[in-house]
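A short worksheet on the structure shown next.
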């Protein structure tokens, strides 16, 4: 997604100055799709990352930036385990 489209989408959704790590999120989404073999998992992974961050922020667990970073770290850890498990299965 081009930088301008991302910025326009965030403005349309009134997300203000939320600092979203788009390149990292895109990389994670591509890894999820490659690990599962299903392209739909890229979109689902991006949605889950945003949902987890929004839920953490909405319940007062963390501010958005911290919640966003934590959701990406959690997904990266999960995918690392999933990819490692797939490689170790004969």
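The values are calculated or read from the model by the stated rules, or taken from the named source; none is laboratory data. Everything numeric here is computed off the predicted structure, so don't read it as measured data. Every residue, glycine as well, gets a Cβ built from its backbone with ideal geometry; the counts of neighbours run over all protein chains shown.
Tell me yes or no: at least one residue of segment 35-52 is touching a residue at least 12 places away in the same chain (Cβ under 8 Å) and not in a helix (DSSP H, G or I). No, the conditions are met nowhere in segment 35-52.
Sub-6 Å Cβ pairs linking a first residue in segment 21-33 that is more than 14 Å from residue 74 (Cα to Cα) to a second residue that is assigned to a helix (DSSP H, G or I) and at pLDDT below 90, at least 6 apart or interchain, are 22/6, ordered by first then second residue.
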